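Here's the structure, in structure tokens; my notes come after.
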Amino acid sequence: MSDPARSDPAGARGRISGDAHLMPVRVYWEDTDAGAIVYYANYLKFTERARSDMLRLLGIDQRAMMEQDSGAMFAVRDVTASYLAPARLDDDLVVETRLTEMKGATLSLSQNVMRQDEMLVQTQVRAAFIGLDGRPRRIPALVRDRLTALTTRGGEEKQ
């Protein structure tokens, strides 16, 4: 785990705004189908990247959690997605991620993919914190504290 006050989240994309992480996404040719519309499964890739960068910006080092003594990680348990409108080649999108619930070994997130003010895709994700053996583990206190801080930020912004 790194200290967000000292860490340089090099490579992390997006920003924390209030209680949400906002990550920009540009739609490239590789993201689209033959009609230049984003292929449905690629929205899951966009949301996965946003979750990873949110954790990075909060000072949570996923690689260190796996490699150090905790030997644990977050794994998606389930996801639901509602596709409301298509994104197209060269669109500038934003993935908005909010923590909606945290229990002993799981967290739930709401992730919306937006084009300006238009909602394109809504997802609900539940991730479990598991050991390398696949068994659930309690989310470590430091991780809980940093995620909880996200929900209590109000109007504060962090770049």
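Observations, loosely collected:
- Across the chain, Cα pairs under 8 Å and at least six residues apart give a relative contact order of 29 percent.
- Once each of the chymotrypsin sites (Phe, Trp or Tyr not before Pro) sitting in a DSSP loop with at most 16 other beta-carbon atoms within 10 Å is removed, the chain keeps 41-159 as its longest stretch.
- The residues of the chain have, on average, 56 Å² of accessible surface per residue, using a 1.4 Å probe with all protein chains present.
- In the chain, helical runs assigned H by DSSP with n ≥ 4 each contribute -39500 (n - 2.57); averaged across all residues and rounded to the nearest 500, the mean residue ellipticity at 222 nm is -6500 deg cm²/dmol.
- Fraction of accessible area attributable to carbon and sulfur, the chain (%, probe 1.4 Å): 48 percent
- Relative to the globular-protein estimate of 2.2 N^0.38 Å, the Cα radius of gyration of region 12-159 stands at 1.07.
The values are calculated or read from the model by the stated rules, or taken from the named source; none is laboratory data. None of the values given here were measured: they were computed from a predicted structure. Glycine also receives a Cβ, built like all others from the backbone with ideal geometry; neighbour counts cover every protein chain displayed. For the accessible areas, the whole protein counts, side chains as well, though only heavy atoms, and no ligand, DNA or RNA atoms are used. Shrake-Rupley method; radii C 1.70, N 1.55, O 1.52, S 1.80 Å.
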